[in-house]
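S.K.: Please find one structure pasted underneath; my questions will follow.
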Ligand code: TRP
């Protein structure tokens, strides 16, 4: 059993928790969660999402950390080596490849949206020095989407930030970045929550929208979206968490760190909802049917209206950029680790090439918002929406299905028991085992079957 990885190691359990939480907490929590909750009717969607976190997310989180730590390599090689050790086919490495492909696709559009947040942060920054504010947020957002050059520029800036960290390596890049950025993120989030709870009188309405389920709103599509969101927000199904697990000390308790990360991520999503919906409602906008522009179109209204609104606006969009940054490094890291293992090139060159390719791929998403707006790829979805759909709702759960089967059936019980640790009551292990062996795979298959219209 290897105790270190060739790519580097986290210096402590806390460093892993910060990095994995940094990966999990991102645009998925603060941008995507509120807007898809808004599109899918509120409470009932949130309930299904929480059930997915508990029944699929948490067991898979533990499985990914376990596989990564046992294999100590990129997802492809960890899966391949562990499969060979347990007498199974090397082809399991292919699951890692699906993950890396999904990560690539996600990084390409993720960076475009992160570019929007950088642009908004910059916009508020210039307002500090007297530039004029955002008078009509919908028009400002529409103008941004209509401007490929501007989006390409900020998408590029964000990609440079991402590759800068990854190129510096695990200890000097990833760990150093999250140690500074994560505390900053929590601080900013708390300030905004306090504002939303005290300065608007719509907090109660937001709570009702988020937590009172209206089950008539549920159908197979909504459930599939909730499942995709659960995977996306916890960074599962592409090897981000698996790769981070490879750098975790053998001494740390996997259930403990895994639970911490899942709780922190879910907490941030709910807090973001509770900070954002009161503002949306208080400014007379409907909490329903928000779309990707939700926070970009509603929050600037509030910021323009409140004392020190420019400072709040700047803080909010900085917060979002920081959250996106600590996530995007985890999208780039698995592919980087894999190509470092597979080629003779240095981490720096590999990271640079991969980021350049993801940046180029992102240009298709940029153009799908304006020039190719009318071009539908899958159903009514333009290219960016299709990439998001294929990666989040199909590839992540599919890879998740295989990861659950791998952890439950391919890895020997001796290995999984040893990795999860002995210091827990027996039901923790048994519970995890039944979830990954039966419940998680079955639920994923049922959701897919339901979506395909089989029942
Ligand atoms: N979880 C991040 C977010 O919510 C995004 C992310 C990072 C991700 N790494 C991932 C999503 C791996 C899926 C898979 O913004």
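S.K.: Output the number of residues of region 247-270 satisfying the condition of being assigned to a helix (DSSP H, G or I) and over 19 Å from the mean Cα position of the chain (by Cα). Full working, then the answer.
M.R.: Going residue by residue through region 247-270, those that are assigned to a helix (DSSP H, G or I) are 254-270.
Then keep just the ones that are over 19 Å from the mean Cα position of the chain (by Cα); that gives 254-256.
Final tally of qualifying residues: 3.
S.K.: If you scan region 385-419, which residues turn out to be over 18 Å from residue 236 (Cα atoms) and buried (at least 17 other Cβ atoms within 10 Å of the Cβ)? If you could, list the steps in order and put the result at the bottom.
M.R.: Residues of region 385-419 over 18 Å from residue 236 (Cα atoms): 385-386, 409-419.
Scanning region 385-419 gives 385, 386, 410, 411, 415, 416, 419.
S.K.: Being more than 15 Å from residue 67 (Cβ to Cβ), buried (at least 22 other Cβ atoms within 10 Å of the Cβ) and more than 8 Å from the ligand (Cβ to nearest atom) is the filter here; which residues of region 226-249 pass it?
M.R.: Residues satisfying the conditions are 226, 227, 228, 229, 230.
S.K.: Separate question: Can you name the condition, by its number, that residue 97 falls short on among (1) free of Cβ contacts under 8 Å to residues at least 60 places away in the same chain; (2) within 19 Å of residue 384 (Cα to Cα); (3) touching a helix residue (DSSP H, G or I) at 6+ places or on another chain (Cβ under 7 Å); (4) surrounded by fewer than 24 Cβ atoms within 10 Å (Cβ to Cβ)?
M.R.: (2)
S.K.: Does residue 179 meet the test of being within 29 Å of residue 400 (Cα to Cα) and more than 13 Å from the ligand (Cβ to nearest atom)? Before you say what the answer is, go through the steps one by one.
M.R.: On the way: within 29 Å of residue 400 (Cα to Cα): yes; more than 13 Å from the ligand (Cβ to nearest atom): yes.
It is true that residue 179 is within 29 Å of residue 400 (Cα to Cα) and more than 13 Å from the ligand (Cβ to nearest atom).
S.K.: For the condition within 25 Å of the chain's Cα centre (by Cα), buried (at least 17 other Cβ atoms within 10 Å of the Cβ), more than 16 Å from the ligand (Cβ to nearest atom) and at pLDDT below 90, what is the one hit in 192, 144? Before the answer, list the steps.
M.R.: On the way: 144 fails: at pLDDT below 90.
Answer to the check: 192.
S.K.: Still on this structure, please answer the following. Any chance region 167-183 includes a residue that's farther than 23 Å from residue 38 by Cβ, outside any helix (DSSP H, G or I) and at pLDDT 90 or above?
M.R.: Yes.
S.K.: Here is a further query. Restricting attention to region 17-40, and to residues there that are more than 16 Å from residue 116 (Cβ to Cβ) and assigned to a loop (DSSP other than H, G, I, E, B), which single residue is farthest from the ligand (Cβ to nearest atom)?
M.R.: Ranking the candidates gives 40 first.
S.K.: What do you reckon, is residue 291 more than 20 Å from residue 182 (Cβ to Cβ) and outside any loop (DSSP other than H, G, I, E, B)? Can you show your working first?
M.R.: Numbers: more than 20 Å from residue 182 (Cβ to Cβ): yes; outside any loop (DSSP other than H, G, I, E, B): no.
Answer is no for this residue.
S.K.: Here's something else I'd like to know. Answer yes or no as to whether residue 284 is at positive phi, without any contact (Cβ under 8 Å) to a residue 12 or more places away in the chain and either away from the ligand (no atom under 16 Å from the Cβ) or part of a loop (DSSP other than H, G, I, E, B) (or both). Even if it seems obvious, please write down each step before you answer.
M.R.: Values: at positive phi: yes; without any contact (Cβ under 8 Å) to a residue 12 or more places away in the chain: yes; either away from the ligand (no atom under 16 Å from the Cβ) or part of a loop (DSSP other than H, G, I, E, B) (or both): yes.
Yes; evaluated as a whole, the condition is true for this residue.
S.K.: Among 364, 357, which is in a helix (DSSP H, G or I), in contact (Cβ under 8 Å) with a residue 12 or more places away in the chain, out of contact with any helix residue (DSSP H, G or I) (no Cβ under 7 Å at 6 or more places or on another chain) and farther than 30 Å from residue 258 by Cβ?
M.R.: Numbers: 364 fails: out of contact with any helix residue (DSSP H, G or I) (no Cβ under 7 Å at 6 or more places or on another chain).
Being in a helix (DSSP H, G or I), in contact (Cβ under 8 Å) with a residue 12 or more places away in the chain, out of contact with any helix residue (DSSP H, G or I) (no Cβ under 7 Å at 6 or more places or on another chain) and farther than 30 Å from residue 258 by Cβ holds for just one of 364, 357, which is 357.
S.K.: Output yes when any residue across region 216-223 is outside any helix (DSSP H, G or I) and over 23 Å from the mean Cα position of the chain (by Cα), and no when none is. Don't jump to the end; show me each part of the working.
M.R.: Let us first name the residues in region 216-223 that are outside any helix (DSSP H, G or I), namely 218-219.
Checking which are over 23 Å from the mean Cα position of the chain (by Cα) leaves us with 218-219.
Yes: one or more hits.
S.K.: Yes or no: residue 432 over 25 Å from the mean Cα position of the chain (by Cα), at pLDDT 95 or above, assigned to a helix (DSSP H, G or I) and more than 16 Å from the ligand (Cβ to nearest atom)? If you could, list the steps in order and put the result at the bottom.
M.R.: Details: over 25 Å from the mean Cα position of the chain (by Cα): no; at pLDDT 95 or above: yes; assigned to a helix (DSSP H, G or I): yes; more than 16 Å from the ligand (Cβ to nearest atom): yes.
No.
To keep it simple, each residue is scored yes or no on (1) modelled with pLDDT of 95 or more; (2) surrounded by fewer than 24 Cβ atoms within 10 Å (Cβ to Cβ); (3) away from the ligand (no atom under 16 Å from the Cβ); (4) within 26 Å of residue 187 (Cβ to Cβ).
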position: 3; (1), (2), (3), (4): no, yes, yes, no
position: 14; (1), (2), (3), (4): no, yes, yes, yes
position: 42; (1), (2), (3), (4): no, yes, yes, no
position: 68; (1), (2), (3), (4): yes, no, no, no
position: 76; (1), (2), (3), (4): yes, no, no, no
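The values are calculated or read from the model by the stated rules, or taken from the named source; none is laboratory data. Predicted model only: the values in this text are computed from it and were never measured. As a convention, Cβ positions derive from the backbone with ideal geometry for all residues, glycine included, and neighbour counts pool all protein chains shown.
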